């Protein structure tokens with residue numbers, strides 16, 4: 001029995017020990033399970049956070065994609081609007097170009113009609129030489145009071161010029177200097193040219209005394225274009241509409257020279273001093289003593305007529321003609337270009353093309369215009385200047401044609417000026433042309449009384 005009790009006691013102790021171990025093992029397992037659950041939960045939370053972050057990023061990307069799509073649609077729509085506007089501008093530009101083309105065609109048709117009428121007149125005049133009045137030296141001496149200095153109104157390279165009255169008409173008498181070696185040649189040339197041709201814008205030869213080298217011209221009351229541009233003797237400035245008209249008149253007369261038959265005439269000395277103005281500021285070309293008859297077979301723009309020496313005035317001479325002696329009608333175009341620039345700037349010819357080009361490049365073209373005229377139409381004046389610069393190209397082949405390019409444009413500007421004056425309103429600057437026109441009568445009365453008139 002005692003042995004059984006001991007066994008039972010031992011068994012109980014073992015069971016208690018086993019129970020304690022089981023409890024410890026259970027505690028350990030519970031702890032491990034708890035730790036495992038905590039780790040699992042933490043991992044799940046971490047995964048959930050990552051999933052939320054990814055979802056947030058995806059949502060942002062989706063939003064950005066939507067915004068990009070909206071922006072792309074807006075850009076496409078904007079480009080469509082730009083394209084539509086560009087097409088509209090192109091359409092309007094095409095319409096304007098068509099209108100300008102139609103307007104130019106009308107001007108060209110008008111010019112061609114006038115040129116045809118002029119050609120008919122030229123052909124009629126070319127058939128026979130126009131007789132001139134021959135004056136005796138006694139008549140010339142009596143009219144000039146024996147070449148009195150009180151009658152002298154000018155002095156040119158050819159000789160002195162006197163104002164006189166012949167047949168109860170005011171005339172200008174140019175007398176050949178006795179010491180001038182080429183004077184007789186120039187006298188005969190001027191007599192031949194002016195006796196052969198008549199044009200409203202070429203000074204009228206009334207008569208001559210060939211034996212003593214005297215030429216009798218109509219008297220031009222307002223003197224030379226040069227004197228009026230530079231307001232000599234405080235004469236008022238020429239209004240810009242009159243300047244545009246004068247330019248067109250000079251070009252028309254020059255075109256008449258170049259189209260004369262049977263041989264074209266090249267003036268060779270075109271400059272403001274050789275453009276005279278009558279009472280109404282109508283311009284006429286004078287001093288044709290240096291003019292040359294160019295054979296018709298060499299009067300085109302490619303072939304040149306070779307002269308033994310160049311003649312003319314420095315700054316106005318065609319550079320090619322000056323260097324090579326080769327003359328053709330486009331030699332006058334260079335001189336015309338310089339003179340056109342002077343008409344709108346009233347500046348000396350030296351370096352004038354450079355100054356005008358620089359002013360256009362710098363955008364201050366209005367500063368180069370004659371400041372004595374305050375109402376220049378800037379757009380038309382700029383077109384005028386650009387045409388003049390083309391005329392001043394160093395190479396003849398680069399210069400525009402007088403008949404098809406220069407004259408139609410100058411006629412357009414002249415018509416613009418006439419239309420502007422009819423409407424009586426000026427928009428570019430405050431008006432002063434009206435004031436100039438108001439004093440024109442004073443010019444007409446006063447200039448003829450002074451001694452500075454420029455005559456043929």
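Rundown of residues vs (1) in the same structural domain as residue 192 (by TED's automatic domain parsing); (2) under 21 Å from residue 253 (Cβ atoms); (3) within 43 Å of the chain's Cα centre (by Cα); (4) at pLDDT 75 or above, yes/no style:
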| site | (1), (2), (3), (4) |
| --- | --- |
| 116 | no, yes, yes, yes |
| 119 | no, yes, yes, no |
| 122 | no, yes, yes, no |
| 136 | yes, no, no, yes |
| 145 | yes, no, no, yes |
| 160 | yes, no, yes, yes |
| 163 | yes, no, yes, yes |
| 167 | yes, no, no, yes |
| 170 | yes, no, yes, yes |
Qualifying positions in segment 193-223 - touching a strand residue (DSSP E or B) at 6+ places or on another chain (Cβ under 6 Å) and under 30 Å from residue 380 (Cβ atoms)
201, 202, 203, 220, 222
If residue 184 satisfies every condition in (1) at pLDDT 75 or above; (2) exposed (fewer than 14 other Cβ atoms within 10 Å of the Cβ) but one, which is the exception?
(1)
Within segment 323-347, work out how many residues are without any contact (Cβ under 8 Å) to a residue 24 or more places away in the chain and under 20 Å from the mean Cα position of the chain (by Cα).
1
For the condition outside the structural domain of residue 383 (by TED's automatic domain parsing) and within 32 Å of the chain's Cα centre (by Cα), what is the one hit in 200, 241, 236?
200
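The values are calculated or read from the model by the stated rules, or taken from the named source; none is laboratory data. Since we're looking at a predicted model, the values are computed, not measured. Note that we place each Cβ from the backbone using ideal geometry, even for glycine, and neighbour counts take in every protein chain shown.
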